[in-house]
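I have placed the structure first, in the form of structure tokens, so that the comments after it can refer back to it.
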Amino acid sequence: MSGKEKEGEKATRMIILGPSARLSSSELVQKLHLLGLPLTIKSTCYGALIHGDEEVVMEAVKRIRSLDPTNIFTKERGFPPGDPRRCRGQRGAAREGYHQLEKEFKLLGYVCEALEKPQEVTPERKEKISVDEFRRIAEEAQKSKQKT
């Protein structure tokens, strides 16, 4: 299942606050409730999880992101809140994907900064080395490895 369920086109999205977001998880959840939309809202350590009709979920995402566009992120989640296949309370451990989210969160500060201060960059193109140069490097590495 992808963040949409077949009956009624339901969607589940994670709303993730960047490290320099101007609101806390509890403020985020409060603002989601104040939207008055028919959603299931769950507070999480990274922000919130919302579930409902796809159009309503995307409207909520649009309105919430407008509060702090460079520090509020969203991604699709494959299962609704409390789904026993993914619920930590049922499984007794961190759910699959949590460690990936943790890694992604560590990069969000850089993403926020890039969104706030965009710069045009041109990546440096590395020159390819010749086969002879590669052979020389490999032979040197092999010799130094044999010495140890």
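The values are calculated or read from the model by the stated rules, or taken from the named source; none is laboratory data. This one's a predicted model, so the numbers in the text were calculated from it and none came from an experiment. When we count neighbours, we look across all protein chains shown, and the Cβ atoms used for this are built from the backbone with ideal geometry, even at glycine. What goes into the accessible areas is simple: the full protein's heavy atoms, side chains included, and nothing from ligands, DNA or RNA. Shrake-Rupley method; radii C 1.70, N 1.55, O 1.52, S 1.80 Å.
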> Is there a residue in the stretch 41-64 that is in a loop (DSSP other than H, G, I, E, B) and modelled with pLDDT of 90 or more?
Replying inline: no
> Which ones in the stretch 105-121 are free of Cβ contacts under 8 Å to residues at least 40 places away in the same chain and part of a helix (DSSP H, G or I)?
Replying inline: Lys106, Leu107, Tyr110, Glu113, Ala114
> Say we look at the stretch 65-79 and pick out the residues that are hydrophobic (A, V, I, L, M, F, W, C) and not in a loop (DSSP other than H, G, I, E, B); which of these is nearest to Leu23 (Cα to Cα)?
Replying inline: Ile72
> Do you know which residues across the stretch 26-50 are closer than 12 Å to Met14 by Cα, of a type in the set (Gly, Ala, Ser) and either over 17 Å from the mean Cα position of the chain (by Cα) or surrounded by 17 or more Cβ atoms within 10 Å (Cβ to Cβ) (or both)?
Replying inline: Gly47, Ala48
> Does the stretch 74-117 hold any residues that are among the aliphatic types (A, V, I, L, M) and modelled with pLDDT of 65 or more, and which are they?
Replying inline: Leu101, Leu107, Leu108, Val111, Ala114, Leu115
> Taking the stretch 51-64, which residues are within 15 Å of Lys31 (Cβ to Cβ) and open to solvent by 80 Å² or more (accessible area, probe 1.4 Å)?
Replying inline: Lys62, Arg63
